[in-house]
Amino acid sequence: MNKNFVQKFGGFSRRKLIFEKFAKKKIKNKIEKMAFLRENIFQKIIDKKLPADVVFESEKILAFRDIAPKAATHILIVPKKFFRTAREISEKNLEIFGELFLAAKKISEKLKIPDYKLAMNVGENAGQVVPHVHLHFLSPDFQSNL
Ligand code: AMP
């Protein structure tokens, strides 16, 4: 076979493969993004449609243990009222965001964990997977970034 022919078409199929790989990755990212937009597991937990290991509950807050803990104690503190991300904070809803920190203090007293880490991922590019505002409460032995 002509060398030029092989170079031309060999090169083309390699590029085609690279393009297909790239396209697949793009589709995968898109599907993950759609999952972020749709799947609100925490709403199901709040509505008692999914089980959870609840450690604290008030009129406005539900807190339960993380299913894949990154510390000996890893709790998720969730407002019952729906906010997709903390970007939705405003003068009108300051109170509910304050309730998250108050719940953290109450949990620390209840579980006798005076020192703790609080963390919140805001938006999927920062690592937020579940599209319902939540504050991570971790005991000081936390091992990894969230
Ligand atoms: P984030 O990445 O900040 O959105 O955190 C979501 C957290 O929710 C992760 O740490 C997950 O392990 C946790 N998680 C996901 N599904 C459940 C569930 N059904 N019950 C408890 N925690 C969950």
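Worth pointing out:
- Residue list for segment 132-146, filter: open to solvent by less than 70 Å² (accessible area, probe 1.4 Å), over 19 Å from Ile41 (Cα atoms) and in a loop (DSSP other than H, G, I, E, B): Ser139, Ser144
- Filtering segment 57-79 to residues that are assigned to a loop (DSSP other than H, G, I, E, B), open to solvent by less than 40 Å² (accessible area, probe 1.4 Å) and under 18 Å from Leu146 (Cβ atoms) leaves Asp66, Ala71, Thr73.
- Which numbered condition Ile45 fails, given (1) in contact with a helix residue (DSSP H, G or I) (Cβ under 6 Å, 6 or more places away or on another chain); (2) within 13 Å of the ligand (Cβ to nearest atom); (3) in contact (Cβ under 8 Å) with a residue 12 or more places away in the chain: (1)
- Selection count, segment 105-119, where residues are within 16 Å of the ligand (Cβ to nearest atom) and assigned to a helix (DSSP H, G or I): 1
- Residue within segment 49-56 that is surrounded by 14 or more Cβ atoms within 10 Å (Cβ to Cβ), assigned to a loop (DSSP other than H, G, I, E, B) and touching a helix residue (DSSP H, G or I) at 6+ places or on another chain (Cβ under 8 Å) present: yes
- Every condition in (1) within 10 Å of the ligand (Cβ to nearest atom); (2) buried (at least 18 other Cβ atoms within 10 Å of the Cβ) is met by Val129 except one, and the failing one is (2).
- Residue satisfying all of: in segment 82-96; free of Cβ contacts under 8 Å to residues at least 24 places away in the same chain and not aliphatic (A, V, I, L, M); least open to solvent (accessible area, probe 1.4 Å) among these: Asn93
- All positions within segment 97-122 that are over 18 Å from Leu146 (Cβ atoms), touching a helix residue (DSSP H, G or I) at 6+ places or on another chain (Cβ under 9 Å) and surrounded by 11 or more Cβ atoms within 10 Å (Cβ to Cβ): Phe97
- Near pairs, Cβ below 6 angstrom, 6+ apart or cross-chain, from segment 68-81 (under 11 Å from Lys117 (Cβ atoms) and modelled with pLDDT of 95 or more) to any residue that is within 11 Å of the ligand (Cβ to nearest atom) and of a type in the set (S, T, N, Q): Lys70/Ser144
- Ala86 being over 14 Å from Leu146 (Cα atoms), within 12 Å of the ligand (Cβ to nearest atom) and of a type in the set (Gly, Ala, Ser): yes
The values are calculated or read from the model by the stated rules, or taken from the named source; none is laboratory data. Note that the structure is predicted; figures quoted are calculated from it, not measured. Note: ideal-geometry Cβ built from the backbone for every residue, glycine included; neighbour counts use all protein chains shown. Each accessible area value is taken on the protein alone, full model and side chains, heavy atoms only, with ligands, DNA and RNA left out. Shrake-Rupley method; radii C 1.70, N 1.55, O 1.52, S 1.80 Å.
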